[in-house]
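The values are calculated or read from the model by the stated rules, or taken from the named source; none is laboratory data. Quantities reported herein were computed from a predicted structural model and do not represent experimental measurements. Reconstructed Cβ throughout: ideal geometry from the backbone, glycine too, with neighbour counts over all protein chains shown.
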């Protein structure tokens, strides 16, 4: 077996072992509401965190609310 093939085989074994690890993530912070002070709810948030292996967050709101002129026909999407 050539040195290249042996090196490639070793690399694949190591890469396979690394991808089999069970990773979890911690988010530095998470805004529970959007700029309109609305949210999908805590149950949906916790489910999304569990589905994506996020186990620690610092949850906060947003201290500002976006406003738009009352004569505008549509609410902005930001």
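Scanning segment 49-61 for residues that are assigned to a loop (DSSP other than H, G, I, E, B), surrounded by 10 or more Cβ atoms within 10 Å (Cβ to Cβ) and at pLDDT 80 or above yields 52, 53, 57. If you check 46, 8 for being assigned to a helix (DSSP H, G or I), surrounded by 10 or more Cβ atoms within 10 Å (Cβ to Cβ) and modelled with pLDDT of 80 or more, only one passes: 46. Note on segment 13-37: among residues that are under 20 Å from the mean Cα position of the chain (by Cα) and loosely packed, with under 10 Cβ neighbours inside 10 Å, the one that is modelled with the highest pLDDT is 29.
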